[in-house]
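See below for the structure under consideration.
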Amino acid sequence: MPSLPEKPLSNVPLQLHQPKNFQFDSVPESHAWRDLHDHPTVDPIGPDTVPLIDLTDPKLTAKISKACEEWDVFQITGHGVQPDLLTRLEAQIHRLFALSADRKLKAAKSPGDVSGYGLVPISSFFSKLMWSEGFTISGSPLHHAQKLWPDDYSSFCDVVEEFDNVMRQLGNKLLHKILLSLGLSKEDIIRACPVRDWHDMSAAVQLNSYPPCPDPDRTIGLAAHTDSSFLTLLYQNSVSGLQILRSKDHTGPMRWVTVPPVPNTFTVNIGDLMHVLSNVRFRSVMHRAMVNPAKHRISVGFFCGPPMDVKVGPINKLTGPERGPVYRPVTWQEYQRLRRKLFDKALEAIKIGEEIA
Ligand SMILES: C=C1C[C@]23C[C@@]1(O)CC[C@H]2[C@@]12CCC[C@@](C)(C(=O)O1)[C@H]2[C@@H]3C(=O)O
Ligand SMILES: O=C(O)CCC(=O)C(=O)O
Ligand SMILES: [Fe+2]
């Protein structure tokens, strides 16, 4: 677990945070991180590889169950998302981050707003800056796209909306498969699943850009965290960087395991709300993004959660005499507020008997 920084930066205006499009010959002190090598890093080899699951596999439920229990994360193929859509989305992401810093700042997040260009929300917990830029989309991208490209915003909006539609359906399908893999019946799921159908799901899209870095061992693209969602579908371009923190059998030594960028796959992260819903049968995965000395890396996170007004607590059928409900019910909004206040202590704060916020 990374140690929390000495000095939060939350009151510094966004402009002061922004490096000048990362035109540095070396890593400046502002971006130099300590404690990055707290655990050894292992390359994905043999049994140390994040499971890759084909969604058309007849043994899908059993494979998801094993992957979630042993890894808290898996990669998927056979998901039906057209490679052409991913290529078009990648092109729009490059177009966005290639804009001048001044232009991108016209679409900066307003205070208290989720959407727009800027630092990821967890940045406020660290005294150092991350080697990345982000653009968050929650709801329609139109307002911010118009600021970025007053004369040609529709090509960006069209691709993002198409992606959002396809990913909601995939996210909803995976959510149901994960619930089946917890041993719930279809009837149980109809009763207990907080998302009735894919239109209902709350979702956000996070576009991440990691410019090449002259000294990648001294900095980080995205600091270690868990996602607050039920699950996050993560797309990465061909440049490696995603790592997950894993301890074999949840008891062995901790290691950072690289999740290789396999073309046309998504990485499925178990998030904090699934950790709650499953009553800790499936745990949220700690992960981070490293940077590359020569190549520009991009990634897209699609965060799937319950409708904003729906409270999520442990599913009754997954509680019992040996493990009663571990967490109290929360809405995603309430949980995200707790994360903005407590970061990696938010789960602890909703633990039954240990509420601290
Ligand atoms: C729905 C969301 C998940 C997220 C917070 C947000 O409102 C939009 C950005 C998301 C993101 C992306 C980078 C990592 C992360 C922890 C962060 O700081 O912003 C996640 C948030 C999350 O999982 O809570
Ligand atoms: O870039 C990556 O691989 C990780 C991104 C991520 O964790 C996020 O957006 O939450
Ligand atoms: Fe993440």
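The values are calculated or read from the model by the stated rules, or taken from the named source; none is laboratory data. Just so it is clear, the model here is predicted, and its values are computed rather than measured. Please note: Cβ atoms are built from the backbone with ideal geometry, for glycine as well, and neighbour counts cover all protein chains shown. Areas reflect the complete protein model, heavy atoms only, side chains present, ligands, DNA and RNA absent. Shrake-Rupley method; radii C 1.70, N 1.55, O 1.52, S 1.80 Å.
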- request: Please find, among 315, 244, 270, the residue that is surrounded by fewer than 23 Cβ atoms within 10 Å (Cβ to Cβ) and under 14 Å from the mean Cα position of the chain (by Cα).
  value: 244
message: Of the conditions (1) touching a residue at least 12 places away in the same chain (Cβ under 8 Å); (2) away from ligand 1 (no atom under 14 Å from the Cβ); (3) open to solvent by 30 Å² or more (accessible area, probe 1.4 Å), residue 321 satisfies every one except a single condition; which number is it?
response: (1)
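A quick yes/no check of all residues on (1) open to solvent by less than 10 Å² (accessible area, probe 1.4 Å); (2) assigned to a loop (DSSP other than H, G, I, E, B); (3) within 13 Å of ligand 3 (Cβ to nearest atom):
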{"position": "183", "(1), (2), (3)": "no, yes, no"}
{"position": "187", "(1), (2), (3)": "no, no, no"}
{"position": "191", "(1), (2), (3)": "no, no, no"}
{"position": "198", "(1), (2), (3)": "no, yes, no"}
{"position": "203", "(1), (2), (3)": "no, no, no"}
{"position": "228", "(1), (2), (3)": "no, yes, yes"}
{"position": "233", "(1), (2), (3)": "yes, no, yes"}
task: State which residue pairs qualify: first residue within 11 Å of ligand 2 (Cβ to nearest atom) and inside segment 202-230, second residue assigned to a strand (DSSP E or B) and polar (S, T, N, Q) in any location, beta carbons under 7 Å apart, and separation of 6 or more residues or different chains.
output: 204/136; 206/136; 208/299; 222/208; 227/269
